Amino acid sequence: RALLAVSLNLMALLFSTTAFITTHWCEGTQRVPKPSCGKEKKTNCLNYSGNETANETNQNVVHYSWETGDDRFLFRYFHTGIWYSCEENINAAGEKCRSFIDLAPASEKGKTIQSRLLPLLQIALVLFLVVVPCQGKRYSPSTQGPPRVLWLSVVSEVLYIMLLVVGFSLMCLELFHSSSVIDGLKLNAFAAVFTVLSGLLGMVAHMMYTQVFQVTVSLGPEDWRPHSWDYGWSFCLAWGSFTCCMAASVTTLNSYTKTVIEFR
(Lines give C-alpha, C1' and ligand atoms only; values in the text may rest on other atoms or scores of the structure.)
Protein backbone atom coordinates (compact mmCIF):
# COMPACT_ATOMS: atom_id res chain seq x y z
CA ARG A 1 0.00 0.00 0.00
CA ALA A 2 2.87 2.37 0.74
CA LEU A 3 4.31 1.74 -2.72
CA LEU A 4 0.87 2.28 -4.28
CA ALA A 5 0.49 5.59 -2.44
CA VAL A 6 3.92 6.75 -3.63
CA SER A 7 3.07 5.79 -7.22
CA LEU A 8 -0.28 7.64 -7.11
CA ASN A 9 1.37 10.72 -5.60
CA LEU A 10 4.05 10.70 -8.29
CA MET A 11 1.40 10.45 -11.02
CA ALA A 12 -0.50 13.34 -9.44
CA LEU A 13 2.68 15.42 -9.35
CA LEU A 14 3.53 14.70 -12.99
CA PHE A 15 -0.03 15.37 -14.17
CA SER A 16 -0.35 18.63 -12.25
CA THR A 17 3.03 19.96 -13.41
CA THR A 18 2.25 19.10 -17.03
CA ALA A 19 -1.17 20.76 -16.83
CA PHE A 20 0.31 23.85 -15.16
CA ILE A 21 2.85 24.55 -17.93
CA THR A 22 0.72 23.60 -20.97
CA THR A 23 -1.90 25.63 -22.84
CA HIS A 24 -4.67 23.13 -23.54
CA TRP A 25 -7.01 23.66 -20.58
CA CYS A 26 -9.68 24.93 -22.98
CA GLU A 27 -9.76 24.80 -26.77
CA GLY A 28 -12.17 25.58 -29.58
CA THR A 29 -12.72 27.97 -32.48
CA GLN A 30 -12.91 31.74 -32.89
CA ARG A 31 -14.92 33.44 -35.64
CA VAL A 32 -12.83 36.12 -37.34
CA PRO A 33 -13.43 38.09 -40.58
CA LYS A 34 -11.63 36.81 -43.66
CA PRO A 35 -8.77 39.03 -44.84
CA SER A 36 -8.73 40.53 -48.32
CA CYS A 37 -7.05 38.51 -51.04
CA GLY A 38 -3.68 39.70 -52.28
CA LYS A 39 -0.50 38.55 -53.94
CA GLU A 40 0.50 36.43 -50.96
CA LYS A 41 -3.01 35.46 -49.84
CA LYS A 42 -4.96 33.38 -52.36
CA THR A 43 -7.17 31.11 -50.21
CA ASN A 44 -9.50 31.67 -47.25
CA CYS A 45 -9.84 35.33 -48.14
CA LEU A 46 -12.36 37.78 -49.64
CA ASN A 47 -11.82 38.32 -53.38
CA TYR A 48 -13.63 41.58 -54.13
CA SER A 49 -14.89 41.89 -57.72
CA GLY A 50 -13.01 38.69 -58.57
CA ASN A 51 -9.79 40.63 -59.24
CA GLU A 52 -7.33 41.08 -56.42
CA THR A 53 -4.98 43.14 -58.61
CA ALA A 54 -7.61 45.79 -59.12
CA ASN A 55 -8.24 45.83 -55.40
CA GLU A 56 -4.70 46.94 -54.72
CA THR A 57 -4.14 49.40 -57.61
CA ASN A 58 -7.43 51.24 -57.94
CA GLN A 59 -8.83 52.56 -54.70
CA ASN A 60 -11.75 54.42 -56.39
CA VAL A 61 -13.44 51.26 -57.63
CA VAL A 62 -16.43 50.02 -55.64
CA HIS A 63 -15.58 46.51 -54.41
CA TYR A 64 -18.12 43.82 -53.72
CA SER A 65 -18.11 40.19 -52.71
CA TRP A 66 -20.67 37.45 -53.24
CA GLU A 67 -19.89 35.81 -49.90
CA THR A 68 -22.49 36.38 -47.17
CA GLY A 69 -23.19 35.16 -43.66
CA ASP A 70 -20.64 32.79 -42.17
CA ASP A 71 -18.88 32.57 -45.55
CA ARG A 72 -17.33 35.93 -44.77
CA PHE A 73 -15.66 34.55 -41.64
CA LEU A 74 -12.93 32.07 -40.77
CA PHE A 75 -13.11 29.70 -37.83
CA ARG A 76 -9.61 29.52 -36.43
CA TYR A 77 -8.49 27.05 -33.78
CA PHE A 78 -7.33 28.30 -30.37
CA HIS A 79 -6.18 26.75 -27.10
CA THR A 80 -5.76 28.36 -23.71
CA GLY A 81 -3.87 27.57 -20.52
CA ILE A 82 -3.18 29.29 -17.24
CA TRP A 83 -0.43 31.46 -18.69
CA TYR A 84 -1.04 31.85 -22.43
CA SER A 85 -3.78 31.73 -25.05
CA CYS A 86 -2.63 30.69 -28.53
CA GLU A 87 -4.63 30.92 -31.74
CA GLU A 88 -4.00 29.95 -35.33
CA ASN A 89 -2.35 32.67 -37.40
CA ILE A 90 -4.57 33.23 -40.45
CA ASN A 91 -2.01 35.42 -42.23
CA ALA A 92 1.01 33.12 -41.84
CA ALA A 93 1.99 29.66 -40.72
CA GLY A 94 2.11 28.74 -37.05
CA GLU A 95 0.37 30.27 -34.04
CA LYS A 96 0.43 33.53 -32.17
CA CYS A 97 0.13 33.60 -28.39
CA ARG A 98 -0.74 36.25 -25.84
CA SER A 99 -0.94 36.31 -22.09
CA PHE A 100 -4.21 34.94 -20.74
CA ILE A 101 -3.77 37.09 -17.64
CA ASP A 102 -4.02 40.18 -19.86
CA LEU A 103 -7.18 38.83 -21.52
CA ALA A 104 -9.14 38.48 -18.27
CA PRO A 105 -11.45 41.53 -17.87
CA ALA A 106 -9.89 43.83 -15.28
CA SER A 107 -13.21 45.39 -14.27
CA GLU A 108 -14.59 41.96 -13.39
CA LYS A 109 -11.69 40.62 -11.37
CA GLY A 110 -12.93 42.34 -8.26
CA LYS A 111 -16.68 42.33 -8.93
CA THR A 112 -18.38 39.64 -11.01
CA ILE A 113 -15.78 36.93 -10.44
CA GLN A 114 -15.58 37.80 -6.76
CA SER A 115 -19.35 37.47 -6.30
CA ARG A 116 -19.42 34.16 -8.17
CA LEU A 117 -16.45 32.70 -6.36
CA LEU A 118 -16.97 34.01 -2.84
CA PRO A 119 -17.43 30.53 -1.33
CA LEU A 120 -14.36 29.24 -3.18
CA LEU A 121 -12.33 32.25 -2.07
CA GLN A 122 -13.28 31.60 1.54
CA ILE A 123 -12.18 27.96 1.26
CA ALA A 124 -8.93 28.97 -0.45
CA LEU A 125 -8.21 31.58 2.22
CA VAL A 126 -8.77 29.06 5.02
CA LEU A 127 -6.49 26.53 3.31
CA PHE A 128 -3.86 29.20 2.71
CA LEU A 129 -3.89 30.24 6.36
CA VAL A 130 -3.60 26.60 7.43
CA VAL A 131 -0.77 25.69 5.08
CA VAL A 132 1.19 28.95 5.14
CA PRO A 133 0.86 30.70 8.54
CA CYS A 134 0.82 34.46 8.34
CA GLN A 135 3.93 36.21 9.56
CA GLY A 136 4.62 39.89 10.07
CA LYS A 137 1.87 42.31 9.10
CA ARG A 138 -1.58 40.76 9.11
CA TYR A 139 -3.89 40.88 6.12
CA SER A 140 -6.35 43.76 6.06
CA PRO A 141 -9.19 43.59 3.50
CA SER A 142 -9.75 47.31 3.65
CA THR A 143 -6.21 48.14 2.51
CA GLN A 144 -5.43 45.32 0.10
CA GLY A 145 -8.08 46.06 -2.53
CA PRO A 146 -10.13 43.57 -4.54
CA PRO A 147 -8.61 40.08 -4.82
CA ARG A 148 -7.14 39.04 -8.12
CA VAL A 149 -8.88 35.72 -8.60
CA LEU A 150 -6.76 34.59 -11.51
CA TRP A 151 -3.56 35.23 -9.60
CA LEU A 152 -5.08 33.48 -6.59
CA SER A 153 -5.73 30.50 -8.85
CA VAL A 154 -2.10 30.55 -10.01
CA VAL A 155 -0.83 30.76 -6.43
CA SER A 156 -3.12 27.92 -5.43
CA GLU A 157 -1.80 25.77 -8.29
CA VAL A 158 1.78 26.46 -7.19
CA LEU A 159 0.96 25.60 -3.56
CA TYR A 160 -0.82 22.46 -4.77
CA ILE A 161 2.30 21.28 -6.58
CA MET A 162 4.55 22.21 -3.63
CA LEU A 163 2.41 20.26 -1.18
CA LEU A 164 2.42 17.29 -3.53
CA VAL A 165 6.23 17.42 -3.50
CA VAL A 166 6.25 17.54 0.31
CA GLY A 167 3.81 14.63 0.55
CA PHE A 168 5.80 12.61 -1.99
CA SER A 169 9.04 13.24 -0.07
CA LEU A 170 7.49 12.15 3.23
CA MET A 171 6.08 9.00 1.62
CA CYS A 172 9.49 8.12 0.19
CA LEU A 173 11.12 8.68 3.59
CA GLU A 174 8.54 6.46 5.24
CA LEU A 175 8.99 3.77 2.58
CA PHE A 176 12.77 3.64 2.40
CA HIS A 177 14.27 5.25 5.50
CA SER A 178 11.92 4.74 8.45
CA SER A 179 13.92 3.07 11.22
CA SER A 180 11.05 2.27 13.57
CA VAL A 181 7.30 1.79 13.58
CA ILE A 182 6.71 5.04 15.48
CA ASP A 183 8.78 7.09 13.03
CA GLY A 184 6.99 5.43 10.13
CA LEU A 185 3.61 6.28 11.62
CA LYS A 186 4.59 9.92 12.11
CA LEU A 187 5.82 10.23 8.54
CA ASN A 188 2.71 8.45 7.30
CA ALA A 189 0.41 10.78 9.19
CA PHE A 190 2.16 13.94 7.99
CA ALA A 191 2.21 12.64 4.41
CA ALA A 192 -1.52 11.98 4.55
CA VAL A 193 -2.26 15.45 5.94
CA PHE A 194 -0.16 17.24 3.33
CA THR A 195 -1.63 15.14 0.53
CA VAL A 196 -5.21 15.86 1.61
CA LEU A 197 -4.49 19.59 1.89
CA SER A 198 -2.87 19.63 -1.53
CA GLY A 199 -5.88 17.85 -3.05
CA LEU A 200 -8.35 20.35 -1.58
CA LEU A 201 -6.20 23.28 -2.66
CA GLY A 202 -5.89 21.85 -6.18
CA MET A 203 -9.65 21.38 -6.43
CA VAL A 204 -10.26 25.02 -5.48
CA ALA A 205 -7.58 26.20 -7.93
CA HIS A 206 -9.07 24.24 -10.84
CA MET A 207 -12.57 25.52 -10.12
CA MET A 208 -11.37 29.12 -9.85
CA TYR A 209 -9.59 28.95 -13.19
CA THR A 210 -12.69 27.43 -14.83
CA GLN A 211 -14.86 30.27 -13.57
CA VAL A 212 -12.32 32.90 -14.65
CA PHE A 213 -12.23 31.42 -18.15
CA GLN A 214 -16.02 31.36 -18.43
CA VAL A 215 -16.21 35.03 -17.41
CA THR A 216 -13.45 35.88 -19.90
CA VAL A 217 -15.42 34.12 -22.66
CA SER A 218 -18.35 36.47 -21.99
CA LEU A 219 -16.52 39.69 -21.15
CA GLY A 220 -13.08 39.34 -22.73
CA PRO A 221 -11.75 41.19 -25.79
CA GLU A 222 -13.96 41.05 -28.89
CA ASP A 223 -11.16 39.68 -31.07
CA TRP A 224 -10.58 36.76 -28.68
CA ARG A 225 -14.05 35.58 -27.61
CA PRO A 226 -14.58 31.96 -28.73
CA HIS A 227 -17.35 30.93 -31.11
CA SER A 228 -17.32 27.45 -29.56
CA TRP A 229 -15.08 25.83 -26.98
CA ASP A 230 -14.61 22.77 -24.81
CA TYR A 231 -12.19 21.50 -22.19
CA GLY A 232 -8.85 20.16 -23.42
CA TRP A 233 -6.40 17.49 -22.36
CA SER A 234 -4.59 19.77 -19.89
CA PHE A 235 -7.88 20.21 -18.03
CA CYS A 236 -8.31 16.43 -17.95
CA LEU A 237 -4.75 16.04 -16.64
CA ALA A 238 -5.42 18.59 -13.89
CA TRP A 239 -8.48 16.73 -12.62
CA GLY A 240 -6.73 13.40 -13.12
CA SER A 241 -3.99 14.74 -10.87
CA PHE A 242 -6.59 15.64 -8.24
CA THR A 243 -8.06 12.13 -8.46
CA CYS A 244 -4.65 10.49 -8.04
CA CYS A 245 -3.84 12.85 -5.17
CA MET A 246 -6.98 11.98 -3.23
CA ALA A 247 -6.49 8.27 -3.97
CA ALA A 248 -2.95 8.54 -2.60
CA SER A 249 -4.19 10.28 0.54
CA VAL A 250 -6.89 7.63 1.13
CA THR A 251 -4.34 4.84 0.60
CA THR A 252 -1.91 6.51 3.04
CA LEU A 253 -4.60 6.97 5.68
CA ASN A 254 -5.68 3.37 5.21
CA SER A 255 -2.09 2.19 5.66
CA TYR A 256 -1.71 4.38 8.75
CA THR A 257 -4.93 3.04 10.30
CA LYS A 258 -3.97 -0.55 9.58
CA THR A 259 -0.50 -0.08 11.14
CA VAL A 260 -1.98 1.51 14.26
CA ILE A 261 -4.44 -1.36 14.69
CA GLU A 262 -1.71 -3.96 14.23
CA PHE A 263 0.66 -2.11 16.58
CA ARG A 264 -1.94 -2.08 19.32
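The values are calculated or read from the model by the stated rules, or taken from the named source; none is laboratory data. Keep in mind the model is a prediction, meaning the values are calculated, not measured. Heads up: the accessible areas ignore ligands, DNA and RNA and are worked out on the full protein's heavy atoms, side chains in. Shrake-Rupley method; radii C 1.70, N 1.55, O 1.52, S 1.80 Å.
Which far-off residues, 5 or more places away or on another chain, put their amide H under 5 Å from the one on HIS227, with H placed in the peptide plane?
THR29, GLN30, ARG31
Provide TRP224, TRP229, TRP151 ordered by accessible surface of protein heavy atoms (probe 1.4 Å), highest first.
So, going from the largest accessible area down, we get TRP151, TRP229, TRP224.
Which value, in Å² rounded to 10, gives the accessible area of LEU173 with a 1.4 Å probe and all protein chains present?
In the full protein context, LEU173 sits at about 80 Å².
Please compute the Kirkwood hydrodynamic radius over the stretch 208-248, one decimal place, Å, based on all pairs of different Cα atoms.
Over the stretch 208-248, the inverse of the mean reciprocal pair distance is 11.9 Å.
How large is ³J(HN,Hα), in whole Hz, for each residue of the stretch 75-81 in order, when computed from phi with the Karplus curve 6.51 cos²θ - 1.76 cosθ + 1.60 and θ = phi - 60°, using x for Gly and Pro?
With coefficients 6.51, -1.76 and 1.60, one gets 10, 9, 7, 9, 8, 10, x Hz.
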